[in-house]
1. Order these peptides, A:176-183, A:152-159, by their mean beta-carbon neighbour count within 10 angstrom, highest first.
2. Please report the relative contact order for chain A, taking Cα pairs under 8 Å with a sequence separation of at least 6, and give it as a percent rounded to a whole number.
3. Under a crude label model (7 Å from the Cα following the beta-carbon direction), how far is A:Glu419 from A:Thr79 in nanometres?
4. Please give the charge dipole size of segment A:251-456, origin at the Cα centre, charges +1 on K and R Cβ atoms and -1 on D and E Cβ atoms. Round to the nearest 20 debye.
5. What is the average number of partner chain Cβ atoms found within 10 Å of a Cβ in A:47-60?
6. Do you know the relative contact order of segment A:264-308, to the nearest whole percent, from alpha carbon pairs under 8 angstrom that are 6+ apart?
7. Just to verify a number: FRET efficiency for A:Leu448 and A:Thr294, C-beta to C-beta distance, R0 = 45 Å, to 0.05?
8. Can you tell me which aspartates and glutamates have their Cα less than 18 Å from the Cα of A:Lys67? Leave out same-chain residues fewer than eight positions away.
Amino acid sequence: MTVRRMLDTAHRIRSTRRLLKSPATAYRSGFMSPPVAPPGWSRWLVPPAALSVHLSIGQAYAWSVFKPPLESALGLSGTQSALPFQLGIVMLGLSAAFGGTLVERNGPRWAMTVALVCFSSGFLLSALGAALEQYWLIVFGYGFVGGIGLGIGYISPVSTLIKWFPDRPGMATGIAIMGFGGGALIASPWSAQMLESFGGDSSGIALAFLVHGLSYAVFMLLGVLLVRVPSSAPGARGTARPAPTGPQVSANQAIRTPQFWCLWIVLCMNVTAGIGILEKAAPMITDFFADTSTPVSATAAAGFVALLSAANMAGRIAWSSTSDLIGRKNIYRVYLGAGALMYALIALFGDSSKPLFVLCALVILSFYGGGFATVPAYLKDLFGTYQVGAIHGRLLTAWSTAGVLGPLIVNWIADRQEEAGRHGASLYGLSFVIMIGLLVVGFVANELVRPVHPRHHIPAPKEAAHVQRQQSESA
Amino acid sequence: MSSDSSQSPPSPDRRWLIAFAWVWVGLPLAYGLYELVRKATQLFTG
């Protein structure tokens with residue numbers, strides 16, 4: 001017990017020493033040390049830096065464009081052609097969870113450079129794989145190497161944005177995370193046009209991968225060059241930033257708090273509920289109105305999916321900015337409580353009114369996006385800015401879990417209902433009830449979130465100095 | 001506070017840099033949104 005307390009004290013002292021340094025000097029010095037903003041630097045240069053990374057890595061959600069040509073060119077099954085994307089998402093979760101502390105230590109420029117190199121190299125390796133018709137090289141390149149770029153890139157600007165916008169952290173992170181949603185909107189038509197021009201054979205796919213890798217490297221370079229950390233150097237006019245105030249908790253301490261795990265449940269439940277719609281949006285709207293006088297065509301269903309993407313993206317910036325005004329806990333009450341209500345409305349009246357079905361689905365998807373975008377600011381409120389990027393990285397394991405859970409629930413239940421001879425809206429009734437239940441669980445977890453106990457805080461500077469003095473005296 | 005940086009107006013050079021940076025990310029996003037709107041209208045016309 002005494003040893004444990006001593007280790008804990010040593011950890012707290014180390015954390016405090018790091019905290020006492022200015023944001024600039026808190027990072028490792030060297031070639032990739034983060035550039036400190038010079039006097040007069042505008043904080044409005046930081047969101048485009050973040051967007052250049054997020055708009056690029058958001059391409060991951062447009063992977064499906066490459067699936068049919070890969071299947072015909074390399075003779076792959078649907079499962080095989082999905083593997084690069086699936087491995088990429090797994091690597092996103094893992095690298096965000098395990099690389100978060102490195103990102104905090106080395107700063108946003110280092111992180112964005114790693115993201116650029118990995119994400120672009122992933123495409124270049126895939127280009128080589130397609131040219132040589134080596135499927136495993138595409139899996140390794142896009143999935144493994146590119147996936148590391150996804151995870152490090154996703155968390156790279158979060159901490160810096162929160163430090164630049166302490167008055168509007170929700171809006172700032174909302175802009176960046178909206179970019180992740182926007183990335184697929186850009187890549188989907190762009191990649192499709194490219195494949196149309198270059199051809200769907202292996203050399204055409206290789207050329208498309210090559211152009212993607214080079215273009216994204218140039219596009220992401222803006223983020224690497226523009227990102228700056230705010231200076232706390234005394235006298236640095238216009239950019240002076242005092243040491244962080246309020247409770248500060250390290251990433252290692254944060255995962256020992258109930259607040260972290262409550263938020264983990266909140267995010268997991270909210271994402272699962274969103275994926276529940278997103279995963280089967282097109283067949284769902286078709287099934288719901290199949291037996292009505294106004295059935296939904298395949299083209300209209302594609303339009304519905306596009307509209308959901310827009311709601312997902314808009315929710316990221318709109319709801320996250322709203323959280324700056326009404327508070328983080330309240331906005332999650334809306335996401336989870338009103339989300340459950342929307343699911344109930346679809347389950348009860350969805351098949352009788354198309355506008356009602358579409359409206360409820362759009363609101364659910366806007367809450368899905370909002371949940372992603374608001375969580376960094378919620379973490380900042382609870383754990384401070386000290387290692388918020390690393391804590392965010394660890395929380396993203398909830399996303400990976402939900403990514404498996406959501407589609408599994410909806411697809412498994414729909415398949416069982418179909419086997420039981422059901423059709424139309426009744427295929428999804430049970431799924432919706434489960435989604436409502438999950439959202440209620442998330443709502444309860446959000447209600448259990450309380451301020452973090454002071455024993456997890458890094459000691460305030462004065463207190464830390466006292467502890468250090470005591471340690472040196474006893475030594 | 002970092003918000004101080006927004007209170008002291010950026011130099012004219014920086015204003016150009018801000019505009020360039022936002023156009024850099026805004027143009028591809030506008031293209032994506034245009035394609036999205038084109039596809040989304042199919043819900044009402046398709």
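1. Numbers: A:176-183: 27.0, A:152-159: 30.9.
The peptides rank, most packed first, as A:152-159, A:176-183.
2. On the way: 840 pairs, mean separation 112.2, N = 475.
Once divided by the residue count of chain A, the mean separation gives 24 percent.
3. Reported label-point gap for A:Glu419 and A:Thr79 is 1.7 nm.
4. On the way: 13 positive and 10 negative charges, 175 e Å.
Result for segment A:251-456 is approximately 840 debye, rounded to the nearest 20.
5. Values: counts 3, 9, 3, 1, 7, 4, 1, 1, 6, 2, 0, 1, 0, 0.
So the per-residue partner count for this stretch is 3.
6. Numbers: 21 pairs, mean separation 16.4, N = 45.
Relative contact order here is 37 percent.
7. Numbers: r = 44 Å, r/R0 = 0.99.
With R0 = 45 Å, the Cβ-Cβ based efficiency is 0.50.
8. Within the straight-line limit of under 18 Å, A:Lys67 reaches these aspartates and glutamates: A:Glu133, A:Glu196, A:Asp201, A:Glu279.
Just so you know, all these numbers are worked out from the coordinates, no wet-lab data involved. Everything numeric here is computed off the predicted structure, so don't read it as measured data. Virtual Cβ from ideal backbone geometry, glycine too; neighbours counted across all protein chains shown.
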